[in-house]
Amino acid sequence: MHKKSGAGFKNLKPFSHADIILYLIVISAVILTFLLVFFPRDSKSDGFYIYVDGNLSAEYDYNTRAFNVKEGFDGYFYLSDSDLYFYSGKNPAEYNLIKIDAENKSVKVISSTCKGHDCERTSVNENGGFIYCSPHGLKIVAKFKDDTIPSPVTG
Amino acid sequence: MVRKITFCGVLSALALISFIIENLLPPLIVPGGKLGISNVFILFAGIVLGYGYGLSALIIKAVLGSVFAGNFSAILYSLPSGFIAFSLQMALFYFSAHLSIVAISVAGGVVNSVLQGLTFCLITSTAEYVIYTPYLALLGILGGASVGFILFLLLKIMPESLLSFGKTFAVGSETENAYNNK
C-alpha cells in the first residue's frame with residue numbers, strides 16, 4: 001500500500017531507520033556552524049558603528065567615550081552621558097532610545113517606536129553582537145580592530 | 001477538482017490564521033524566530049492534494065500573512081526560502097520511500113530557517129546577521145520536528161474519506177471497494 005494515498009497515510013510512522021542518516025547530516029552541519037561562529041578570537045571590541053539605511057553614520061569609542069558623527073548624516077539626536085536618542089531623520093516621532101554602558105562596554109536599545117521591537121532583544125558588547133531595526137533603517141555593530149566576525153549576543 | 005480547490009482554500013486559511021497568531025507571540029531564540037506551525041497546513045496540502053496545491057497555500061500564506069502582519073518586506077524573505085524548502089520536502093516525500101514525515105519536515109524546517117536568514121542578509125546588506133545561522137538551524141530542527149509530528153498525528157486521526165481525492169485510492173483499500181461498488 002503506497003504512502004501517497006488516503007489509506008496509505010494511516011500506515012505512516014513518525015520515525016524510520018533511514019531518518020538517522022538525515023538527522024546525522026543535519027546535526028553535523030549545525031555543530032560545524034557553531035564551531036565556525038564561536039571559534040576563539042583574541043580581539044575585543046572597543047566601540048560600535050551606527051549605520052542608517054546602510055550608510056555609516058556614526059561611531060562610538062568606549063575608551064575615549066567619543067561619539068563621532070559622519071558628515072552628511074541628517075539624523076539628529078540628543079546625547080547625555082549614557083543615553084542616545086536616535087531619530088531616524090525621516091520622522092521625529094519615530095525613534096530608538098539607545099543606552100550606552102561605557103563602563104561595561106555594551107550598548108542596547110531600551111525603547112523604540114517600531115513595530116515588533118526586535119531591536120530591543122539583542123545587544124552589542126566587547127565580544128560582538130548586532131542590533132538591527134528594519135523600520136527605522138538602524139544597524140549597530142561592534143567595532144573590531146581586526147574586523148573579525150562578531151559573536152551573537154541575545155537578550 | 002472542486003473539492004480539492006475547496007480543501008486547499010480551507011488549508012490556506014488555517015495556515016494564514018496560525019501565521020498571524022504566531023506573529024503576535026514573542027520571537028524564539030533569535031530576532032524574528034518562529035516555530036512555523038503554519039507549515040503544518042502547507043505540508044498537509046502538498047502531501048494530500050499535490051505539489052501545486054501546497055505551493056498555492058504557501059504563496060497565499062506568505063502574501064496575505066505579510067499584508068495582515070503589516071510587514072510587507074517579509075514576503076521577500078519568506079517566499080523564496082519557503083519555496084525551496086517546500087520543494088525539497090515534496091521531493092523527499094515523493095522520491096524517498098524510507099524517510100518519515102517527521103524527518104522530511106525537519107529537513108525542510110532547517111533549510112527554510114537558514115535560507116530565510118541568509119536572504120535577509122542579502123536583501124538588507126547586513127552580513128552580521130549570518131552569525132545567527134547556527135541558532136536558526138536549531139530553530140529549524142525544533143520547528144520541523146514539531147510540524148512533522150503534528151502532521152503525522154493529523155494524518156492518523158483524519159478519516160480516510162477526507163484524505164482521498166479522485167481515483168487515488170490505495171489498491172485494496174476499503175475506500176476503493178466502496179467507490180467501485182457505488
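The values are calculated or read from the model by the stated rules, or taken from the named source; none is laboratory data. Worth saying up front: this structure is predicted, and the values here are computed from it rather than measured. Here the Cβ is made from the backbone with ideal geometry for all residues, glycine too, and neighbour counts use every protein chain on show. Note: accessible area is taken over every heavy atom of the protein model, side chains too, but ligands, DNA and RNA are not part of it. Shrake-Rupley method; radii C 1.70, N 1.55, O 1.52, S 1.80 Å.
Points to keep in mind about this one:
- Applying the criterion of being touching a residue at least 12 places away in the same chain (Cβ under 8 Å) and part of a helix (DSSP H, G or I) to the residues of the range B:18-36, the residue that is surrounded by the fewest Cβ atoms within 10 Å (Cβ to Cβ) is B:I20.
- Out of B:F93, B:F86, one residue alone is surrounded by 17 or more Cβ atoms within 10 Å (Cβ to Cβ), closer than 20 Å to B:L153 by Cβ and of a type in the set (F, W, Y). It is B:F93.
- Pair list, Cβ < 7 Å and 6+ apart or interchain, from the range B:93-112 residues that are farther than 22 Å from A:T33 by Cβ and without any contact (Cβ under 8 Å) to a residue 24 or more places away in the chain to residues that are open to solvent by 10 Å² or more (accessible area, probe 1.4 Å) and among the small types (G, A, S): B:H98/A:S16; B:H98/A:A18; B:L99/A:S16; B:L99/A:A18
- Selection count, the range B:2-44, where residues are of a type in the set (F, W, Y) and over 21 Å from B:L115 (Cα atoms): 2
- The range B:141-163, residues that are more than 7 Å from every other protein chain (Cβ to nearest Cβ), out of contact with any Leu (no Cβ under 6 Å at 6 or more places or on another chain) and either modelled with pLDDT of 90 or more or open to solvent by 40 Å² or more (accessible area, probe 1.4 Å) (or both): B:L142, B:G144, B:A145, B:V147, B:G148, B:I150, B:L153, B:L154, B:I157, B:P159, B:S161, B:L162
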